[in-house]
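The values are calculated or read from the model by the stated rules, or taken from the named source; none is laboratory data. Small disclaimer: the values here were computed from a predicted structure and weren't measured. All Cβ positions, even for glycine, are placed from backbone atoms using ideal geometry, and neighbour counts span all protein chains on display. Note: accessible area is taken over every heavy atom of the protein model, side chains too, but ligands, DNA and RNA are not part of it. Shrake-Rupley method; radii C 1.70, N 1.55, O 1.52, S 1.80 Å.
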Amino acid sequence: MASRALVLGGGGPVGIAWEAGLLAGLDEGGVRLADADFIVGTSAGSFVGAQLAMGREAGALAKPILAERPAPQPTLAGQPAAAPPDLTTLFTKMQEAMSGKRPGREVRAEIGAWALSQKTISEETFIANFGRSFSSLPDDVWPNRNYACTAVDAQSGEFVVWNKEAGVGVVRAVASSCSVPGVFPPITIKGRRYIDGGMRSATNADLAKGYDVAVVVAVTAAASTDPAMLRFRQMLDNEITAVKESGARVELIVPDDAGVKAFGINLMDSRRRPGAAKAGLEQGKTLAAKLKSMWPGK
């Protein structure tokens, strides 16, 4: 049977919800993307991918998100909610890295230096909250399935792929892949600090080269006229071309209109998660018939 890869892109808490719903909907339609021979995730996709690689059913991942009731933003009595972090520097540097005017690693190192200078919650607090889904696992455990996630060395700007051979625990690996600069703390692994793998690419889909079939799930690649989004899409298109040139058949899945509407403008807004999961669920059900021919059950 053809070898199959599943690529799950980044997109914050809202992206996690949409991807979970999408995969659950596809499952209902008889297309189990979790059966991939290789699962690779970036940022939000690293979390979803790790859950699948450890044997969690997509439906079980989506169900509690669909049932969530948005909670109000916590505030101190009589005081307004804290202002969101200013990520202007991050967005400017990300666009510079994508422009190709300077080596990407060099710009990523500058993003890392900025991330290290920002005041965020502590690593321990982030991992304690973020890692609740992994709380019963030993620190050094890694999925038995062929799973990988991406990160960037905050000090050197080097792109890193965490896999079983890397000898790190899945909790810290996924936390590093999800460490949005300026929002969450860079994560310490083997004495180095690491940030979100999305600083190299929102999908890193070129890691699927060499497989016969690749399904690429890209949260941030829906149609847009925004210049930054167009650059993201061009980068993704280049990655997909590289995968196709390696001999793979590629299916790209991006949010439909209902998904884009459910997301709103801030993928970090957890209040949007139930609506995003529902939109993903319906889209997955619709797409299942199309994908069955390229992703038959084993």
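Are any residues in the stretch 35-48 assigned to a helix (DSSP H, G or I) and closer than 27 Å to F126 by Cα, and if so, which ones? Before the answer, list the steps.
Residues of the stretch 35-48 that are assigned to a helix (DSSP H, G or I), as a first pass: 35, 44-48.
Within the stretch 35-48, A44, G45, S46, F47, V48 meet the criteria.
Among (1) polar (S, T, N, Q); (2) surrounded by fewer than 24 Cβ atoms within 10 Å (Cβ to Cβ); (3) under 22 Å from G131 (Cβ atoms), which single condition is S3 missing?
Among (1) polar (S, T, N, Q); (2) surrounded by fewer than 24 Cβ atoms within 10 Å (Cβ to Cβ); (3) under 22 Å from G131 (Cβ atoms), the lone unmet condition for S3 is (3).
Here's a check for you: in the stretch 82-130, which residue that is among the small types (G, A, S) and not in a helix (DSSP H, G or I) is nearest to S177 (Cα to Cα)? Break it down stepwise before answering.
Filtering the stretch 82-130 down to residues among the small types (G, A, S) leaves 82-83, 97, 99-100, 104, 109, 112-113, 115, 117, 122, 128.
Checking which are not in a helix (DSSP H, G or I) leaves us with 82-83, 100, 122.
Values: A82: 25, A83: 24, G100: 23, S122: 16 Å.
Out of the qualifying residues, it is S122.
Working only within the stretch 60-69, note down all residues that are surrounded by fewer than 17 Cβ atoms within 10 Å (Cβ to Cβ) and either under 18 Å from the mean Cα position of the chain (by Cα) or within 12 Å of A276 (Cβ to Cβ) (or both).
Kept after step one, since they are surrounded by fewer than 17 Cβ atoms within 10 Å (Cβ to Cβ), are these residues of the stretch 60-69: 60, 63-64, 67-69.
Matches in the stretch 60-69: E68 only.
Name the pairs: first residue in the stretch 271-297 and within 14 Å of P64 (Cα to Cα), second residue surrounded by fewer than 20 Cβ atoms within 10 Å (Cβ to Cβ) and basic (K, R), Cβ to Cβ under 8 Å, at least 6 apart or on different chains?
P274/R69
For the stretch 159-183, enumerate the residues that are closer than 24 Å to E106 by Cβ and buried (at least 24 other Cβ atoms within 10 Å of the Cβ).
Of everything in the stretch 159-183, those that are closer than 24 Å to E106 by Cβ and buried (at least 24 other Cβ atoms within 10 Å of the Cβ) turn out to be W162, S176, S177, C178, S179, P181.
Taking only pairs six or more apart or across chains, which ones have beta-carbon atoms under 6 Å, a first residue in the stretch 108-121 that is touching a residue at least 60 places away in the same chain (Cβ under 8 Å) and among the charged types (D, E, K, R), and a second residue that is surrounded by 19 or more Cβ atoms within 10 Å (Cβ to Cβ) and assigned to a loop (DSSP other than H, G, I, E, B)?
R108/G157
Working only within the stretch 245-298, note down all residues that are in a helix (DSSP H, G or I) and among the polar types (S, T, N, Q). Please lay out each step first, then the result.
Filtering the stretch 245-298 down to residues in a helix (DSSP H, G or I) leaves 245, 257-263, 270-291.
Passing the criteria: S270, Q283, T286.
Looking only at residues in the stretch 6-34 that are open to solvent by 10 Å² or more (accessible area, probe 1.4 Å), in a helix (DSSP H, G or I) and of a type in the set (D, E, K, R), which one is nearest to F126 (Cα to Cα)?
Going through the qualifying residues, I end up with D27.
Would you point out which residue out of F134, F126 is under 21 Å from L267 (Cα atoms) and either among the hydrophobic types (A, V, I, L, M, F, W, C) or modelled with pLDDT of 95 or more (or both)?
Values: F134 fails: under 21 Å from L267 (Cα atoms).
Among F134, F126, only F126 is under 21 Å from L267 (Cα atoms) and either among the hydrophobic types (A, V, I, L, M, F, W, C) or modelled with pLDDT of 95 or more (or both).
Which residues, counting only those in the stretch 139-150, are open to solvent by less than 30 Å² (accessible area, probe 1.4 Å) and not polar (S, T, N, Q)? Steps first, please.
Here is the first cut: in the stretch 139-150, the ones open to solvent by less than 30 Å² (accessible area, probe 1.4 Å) are 142-143, 147-150.
Across the stretch 139-150, the qualifying residues are W142, P143, Y147, A148, C149.
Among residues belonging to the stretch 243-255 that are open to solvent by 30 Å² or more (accessible area, probe 1.4 Å) and over 19 Å from the mean Cα position of the chain (by Cα), point out the one that is nearest to V213 (Cα to Cα).
R249
Of the residues in the stretch 256-285, how many are of a type in the set (A, V, I, L, M), within 13 Å of A17 (Cβ to Cβ) and surrounded by fewer than 17 Cβ atoms within 10 Å (Cβ to Cβ)? Walk me through it before giving the result.
Applying the first criterion (of a type in the set (A, V, I, L, M)) to the stretch 256-285 yields 258, 260, 262, 265, 267-268, 276-277, 279, 281.
Next, from what is left, pick out any that are within 13 Å of A17 (Cβ to Cβ): 262, 267-268, 276-277, 279, 281.
Adding the requirement that they be surrounded by fewer than 17 Cβ atoms within 10 Å (Cβ to Cβ) leaves 268.
Qualifying residue count, the stretch 256-285: 1.
Scan S156, S136, S122 and give me the residue that is surrounded by 14 or more Cβ atoms within 10 Å (Cβ to Cβ) and not hydrophobic (A, V, I, L, M, F, W, C). Spell out how you get there, then give the answer.
Details: S136 fails: surrounded by 14 or more Cβ atoms within 10 Å (Cβ to Cβ); S122 fails: surrounded by 14 or more Cβ atoms within 10 Å (Cβ to Cβ).
Of the residues listed, the single one that is surrounded by 14 or more Cβ atoms within 10 Å (Cβ to Cβ) and not hydrophobic (A, V, I, L, M, F, W, C) is S156.
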